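Remarks on the structure that follows.
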Amino acid sequence: MVTPVVQLPTSPQIVAIRLGLRRDCVIAIYLLTVLQGMSQAFGSQSNLVWLLSSVLYASAATHWALLDSRLRGRPMLRIAQELYFFSWPIAALVYLVATRKWRGLGLWLLTVFSLYATFYLAALATYFTRDMLRG
């Protein structure tokens, strides 16, 4: 009986996979922001929804930083990953400035602004759609 040969991914394939996953983490953060904005249009959130969204935001942001650090050839220490998870909004600023200098500050500010705009537009669109459907 012939055993199948398992081929491991090559280095360029691994890089391509990590780039795709890093992009998916950013998309996940924006989708979470849209869902947060939509839920705000319906009133206050429950504590469970707030906790779940906080964990999902932190997980996506930490995973993004972990993938980015591996792509840059400087993997994060385990303790740094845990600190990043619990303080991701500020840790993202520190990470971006450390890895990209002043451009990192600009990227962080652009991201904060665009996340806020995404949240606001999703809430506004949901509010007006809900109001229009009530008639």
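A short reminder: the numbers here are calculations on the coordinates, not readings from a lab. What you see is a predicted model, and the numbers here were worked out from it, not measured in a lab. Cβ placement follows ideal geometry from the backbone for every residue including glycine, while neighbour counts extend to all protein chains displayed.
What would the Debye formula give as log10 I(q)/I(0) at q = 0.17, 0.22, 0.25 Å⁻¹ for the alpha-carbon point model of segment 1-78, no solvent?
Debye curve over Cα of segment 1-78, log10 I(q)/I(0) at q = 0.17, 0.22, 0.25 Å⁻¹: -0.76, -0.98, -1.12.
Give me the three principal axis extents of the chain from the C-alpha atoms, as integers in angstrom, largest value leading.
Reported extents, whole Å, longest axis first: 67, 50, 26.
Find the centroid of the Cα atoms in segment 36-79 and in segment 99-135, then give the distance between the two in whole Å.
Spelled out, the Cα-based centre of one part sits 16 Å from the other.
How about segment 46-95: which trypsin sites (Lys or Arg not before Pro) there are in a DSSP loop, with at most 13 other Cβ atoms within 10 Å of their Cβ?
Arg72
Quick check on the chain: helices-only [θ] at 222 nm, where DSSP H runs of length 4 and up contribute -39,500 (n - 2.57) each and the sum goes over total residues. Nearest 500, please.
-28500 deg cm²/dmol
Give me the angle, in degrees from 0 to 90, between the Cα long axis of helix 47-71 and the longest principal axis of the Cα atoms of the chain, rounded to the nearest 10.
Taking Cα atoms only, the helix is inclined about 30 degrees.
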